[in-house]
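Each remark here refers to the structure printed beneath this line.
The values are calculated or read from the model by the stated rules, or taken from the named source; none is laboratory data. Because the structure is a prediction, the values reported are computed rather than measured. Glycine gets a Cβ as well: all are built from the backbone with ideal geometry, and neighbour counts include every protein chain shown.
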């Protein structure tokens, strides 16, 4: 074997293979990666330089890929529970498939296919395959962890504009970055943001936390957690008061402006300051900048604005600023590009929808959550996963008996102890994962999945790039690709689905058909290929509403949402005071608890097993402003009790001025402490079903010494 | 020619990608120090935000480590100016650590000196050092000192 230093020499026997990173895996991540392979083993990884999405970079997580893929805890064989939950014996794939098929078909026969839930957490790439399996089996109950991430922002966008618009960072002159820190959460966006600032783009940052972007911001607004909607309405009032709104657009293309105007009139700069904590003068400055230094784009987060009880309304209030200033679907504004594949829109058209939904959902029984979250069900073709534990435990409106899950992490649910009880109530639970996670330990059968390095994956990127990877290394042990598991199960539990039955590449050919791309052509380009200039591929134009109207019931941008009105919600983007339901004066719980803010070395629960990541931040911490800590006699690194009405965790204080004085900020995925147990499982946004992870009241006190 | 690292303090977000890339490149276990060290402070030029430094051997023009090494274990690659160590000659005396302005030498593993070699083998193959290529913000660059 060559020494490490020889791997770059010609003739070293080391082959550089092209793949995608195994860790974050999403629309704004999924970085292209080179892996240096010798004798079937990865010696080193690096970002793929020629890949336009990440341009050779990887984050702290991606660089630890070897410790993830070759982790000693990787599952390498199917397991079946013996006796109590958590005790397993190894079984063969044939035994596993046979038992799963037999049990699921028996439950379907006895209780109906809807009694079986198909759930996908991480990875996400298999979602269309898993949902097709669910529907071909006859179950409407396909659920994902996007029930707490991103989709509420899509609902807000669809209610308002009938479509989601991506910020056109390359062409904007002002950029409103609302509650997002891609420097830690999605590093491919880091360089484009800095380059925009260096080009002279006015960056207006809205974030209670000081982030890396703050030093590039023309103006930084730091509202209290959850007061985003109030702030957005306050910005709107200044814009309208000063006559800076786009009158022609509003006149011709919007619905409900007069009512909206009446709503925002309440939010004077002074009132906005009182409710959000943002100085009135900054509200005025930001509004003028946004409206007069266009084109202006709005970049939002997948979670920070919608993890509140009135999250969708918060987010709608923010998005309204785009239409108000005439920037929606404009160059340099928020550009509508129809979804191509896996939540990414680019110039290519695929048959994702036809593939994912072999039958319309309307032909199937109602989904989990349909009775409580009708708006969710209207805009998202999935069950609302936050409601799963409740329906499993209550059996209402119908009982759920089994779950086939891929990478499910029950610890992500608010009040996850309730989901633990629910999992134990299921008659049959299968989890597919790379590791024997706390969720997998509760399963009846556990199947070992491949990492992205061991399988194929199709990805499109908004920069008009596409890649179909081939396995860079053989699967570890008996691990298999999730797609192969789904296809083999389809042959047994949904034999009428001949497309799934025909195998992975047959499915890809079907999906790719309208794009003119083929599996054969994609395989000839291991680093992927650019869609620009290909025959039959046309970039999405701008101002499409001028011809087609908006895909809303009125055909207009809806300041007043007809759908929300019909469904009994406030039709205007009315944002309540932050914290909504809680007694804000209560001395017992004086701080906002914000869970889920990203740390650069962790991705949910995925990288805690990597020593290179863990070493960078070994112990669970809660971030507190030094003044907040001093008032409680808490020193940096000291243990504190973080308490909500629902429980408490013992954790170390990390004192930092980047956190405001009214907030306690904690990462959600620590293996040692159950952060999400501090949250009440029923504190959900009634429109989206999203949990209010970012505006719960909490208390912090110095921890007493542990006994003994 | 002498190659060295350039660091743009404003661009560094403290994402720590360079540290892990260094570990992957040189196969450095988590309990040993990486050759690149990132530190943050809140009283720096970007307060109230965190100002970071990301530091590794700069291949100094007048490298004091080269002067003080009693066993000539530290040497300079002629073509690139990269300062490197022949560990078989190192005595573990730590004289180099005492004079290094970047705290580049470490002795944590087997007691012999280990340090950043600017990913000399990557540079020889026409590639950037691992930390530079992976840098998510473009804060790190590598090139001729002039």
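Only one of these conditions is not met by residue A:682: (1) assigned to a loop (DSSP other than H, G, I, E, B); (2) touching a helix residue (DSSP H, G or I) at 6+ places or on another chain (Cβ under 7 Å). Which number is it?
Only one criterion in (1) assigned to a loop (DSSP other than H, G, I, E, B); (2) touching a helix residue (DSSP H, G or I) at 6+ places or on another chain (Cβ under 7 Å) is unmet by residue A:682, namely (2).
As an exercise: evaluate residue A:535 against (1) in contact with a helix residue (DSSP H, G or I) (Cβ under 9 Å, 6 or more places away or on another chain); (2) in a loop (DSSP other than H, G, I, E, B); (3) over 30 Å from residue A:445 (Cα atoms) and give the number of the one condition it does not meet.
Looking at each condition in turn, residue A:535 falls short on (1).
Select from segment A:458-472 the residues that are surrounded by fewer than 22 Cβ atoms within 10 Å (Cβ to Cβ) and farther than 30 Å from residue A:171 by Cβ and list them in ascending order.
A:470, A:471
Among what's in segment A:581-602 and is away from every other protein chain (no Cβ under 13 Å), crowded, with 18+ Cβ neighbours inside 10 Å and assigned to a loop (DSSP other than H, G, I, E, B), pick the residue that is modelled with the lowest pLDDT.
Applying the filter and picking the extreme gives A:582.
Counting only residues that are touching a helix residue (DSSP H, G or I) at 6+ places or on another chain (Cβ under 6 Å) and more than 14 Å from chain A (Cβ to nearest Cβ), how many does segment B:82-112 have?
Final tally of qualifying residues: 5.
Please determine, by comparing only the residues of segment A:239-258 that are over 17 Å from residue A:545 (Cβ atoms) and surrounded by fewer than 13 Cβ atoms within 10 Å (Cβ to Cβ), which one is farthest from the chain's Cα centre (by Cα).
A:243
Every residue in segment B:48-65 that is farther than 22 Å from residue B:142 by Cβ and in contact with a strand residue (DSSP E or B) (Cβ under 9 Å, 6 or more places away or on another chain), please.
Hit for segment B:48-65 is B:50, nothing else.
Taking the condition of being away from chain B (no Cβ under 14 Å), in contact with a helix residue (DSSP H, G or I) (Cβ under 7 Å, 6 or more places away or on another chain) and in a loop (DSSP other than H, G, I, E, B), how many residues in segment A:636-660 meet it?
Going through segment A:636-660 one residue at a time, the tally reaches 1.
Please enumerate the residues belonging to segment A:511-530 that are in contact (Cβ under 8 Å) with a residue 24 or more places away in the chain, in contact with a helix residue (DSSP H, G or I) (Cβ under 7 Å, 6 or more places away or on another chain) and part of a loop (DSSP other than H, G, I, E, B).
If the condition is that a residue be in contact (Cβ under 8 Å) with a residue 24 or more places away in the chain, in contact with a helix residue (DSSP H, G or I) (Cβ under 7 Å, 6 or more places away or on another chain) and part of a loop (DSSP other than H, G, I, E, B), then no residue fits.
Collect the residues in segment B:113-146 that are assigned to a loop (DSSP other than H, G, I, E, B), within 30 Å of residue A:195 (Cβ to Cβ) and more than 14 Å from every other protein chain (Cβ to nearest Cβ), keeping them in residue-number order.
Answer for segment B:113-146, where residues must be assigned to a loop (DSSP other than H, G, I, E, B), within 30 Å of residue A:195 (Cβ to Cβ) and more than 14 Å from every other protein chain (Cβ to nearest Cβ): B:145, B:146.
Quick test for you: out of A:281, A:286, pick the one residue that is surrounded by 19 or more Cβ atoms within 10 Å (Cβ to Cβ) and either in contact with a helix residue (DSSP H, G or I) (Cβ under 8 Å, 6 or more places away or on another chain) or under 30 Å from residue A:681 (Cβ atoms) (or both).
The unique qualifying residue is A:286.
Which residue, of A:197, A:232, A:190, is under 16 Å from residue A:300 (Cβ atoms), assigned by TED's automatic domain parsing to the domain that holds residue A:316 and part of a helix (DSSP H, G or I)?
Being under 16 Å from residue A:300 (Cβ atoms), assigned by TED's automatic domain parsing to the domain that holds residue A:316 and part of a helix (DSSP H, G or I) holds for just one of A:197, A:232, A:190, which is A:232.
Filter segment B:20-49 for residues that are crowded, with 22+ Cβ neighbours inside 10 Å and at the interface with chain A (Cβ under 7 Å from one of its Cβ atoms) and give the result.
B:20, B:21, B:23, B:24, B:25, B:49, listed by residue number.
Would you pick out the residues in segment A:191-221 that are surrounded by fewer than 20 Cβ atoms within 10 Å (Cβ to Cβ), more than 10 Å from chain B (Cβ to nearest Cβ) and either on the phi > 0 side of the Ramachandran plot or within 23 Å of the chain's Cα centre (by Cα) (or both)?
Residues satisfying the conditions are A:192, A:200.
Of these, A:562, A:621, which one is out of contact with any helix residue (DSSP H, G or I) (no Cβ under 8 Å at 6 or more places or on another chain), closer than 28 Å to residue A:312 by Cβ and surrounded by 16 or more Cβ atoms within 10 Å (Cβ to Cβ)?
A:562
Do you know which residues across segment A:45-90 are more than 14 Å from chain B (Cβ to nearest Cβ), touching a helix residue (DSSP H, G or I) at 6+ places or on another chain (Cβ under 6 Å) and modelled with pLDDT of 95 or more?
Correct list: A:78 only.
May I ask you to verify whether residue A:331 is surrounded by fewer than 21 Cβ atoms within 10 Å (Cβ to Cβ), within 16 Å of residue A:176 (Cα to Cα) and at pLDDT 95 or above?
Spelling it out, residue A:331 is indeed surrounded by fewer than 21 Cβ atoms within 10 Å (Cβ to Cβ), within 16 Å of residue A:176 (Cα to Cα) and at pLDDT 95 or above.
Would you mention how many residues in segment A:380-418 are more than 16 Å from the chain's Cα centre (by Cα) and at positive phi?
2
How about segment A:33-52: which of its residues are more than 16 Å from residue A:451 (Cβ to Cβ), touching a residue at least 60 places away in the same chain (Cβ under 8 Å) and surrounded by 22 or more Cβ atoms within 10 Å (Cβ to Cβ)?
Selection gives A:48, A:51.
Can you pull out every residue in segment A:5-32 that is touching a residue at least 60 places away in the same chain (Cβ under 8 Å) and assigned to a strand (DSSP E or B)?
Within segment A:5-32, A:17, A:18, A:19, A:20, A:32 qualify.
Looking at segment A:229-237, can you tell me whether even one residue there is over 17 Å from residue A:290 (Cα atoms) and surrounded by 22 or more Cβ atoms within 10 Å (Cβ to Cβ)?
The answer is no; no qualifying residue exists.
Can you find a residue in segment B:58-66 that is within 14 Å of another protein chain (Cβ to nearest Cβ) and under 17 Å from residue B:120 (Cβ atoms)?
no
Mind checking which residues of segment B:1-18 are more than 8 Å from chain A (Cβ to nearest Cβ), within 23 Å of residue A:217 (Cα to Cα) and over 15 Å from the mean Cα position of the chain (by Cα)?
B:8, B:9, B:12
Taking segment A:57-91 on its own, how many of its residues are over 30 Å from residue B:127 (Cβ atoms) and assigned to a loop (DSSP other than H, G, I, E, B)?
Of the residues in that region, 13 qualify.
Would you check which residues across segment A:418-438 are farther than 17 Å from residue A:482 by Cα and in contact with a strand residue (DSSP E or B) (Cβ under 9 Å, 6 or more places away or on another chain) and list them?
A:423, A:426, A:427, A:428 - these are the residues of segment A:418-438 that are farther than 17 Å from residue A:482 by Cα and in contact with a strand residue (DSSP E or B) (Cβ under 9 Å, 6 or more places away or on another chain).
Considering each of A:455, A:421 in turn, give the residue that is in the same structural domain as residue A:106 (by TED's automatic domain parsing), over 22 Å from the mean Cα position of the chain (by Cα) and crowded, with 23+ Cβ neighbours inside 10 Å.
So the residue among A:455, A:421 that is in the same structural domain as residue A:106 (by TED's automatic domain parsing), over 22 Å from the mean Cα position of the chain (by Cα) and crowded, with 23+ Cβ neighbours inside 10 Å is A:455.
If you check residue A:448 against the conditions, is it at pLDDT 95 or above and either in contact with a helix residue (DSSP H, G or I) (Cβ under 8 Å, 6 or more places away or on another chain) or over 25 Å from residue A:86 (Cβ atoms) (or both)?
no
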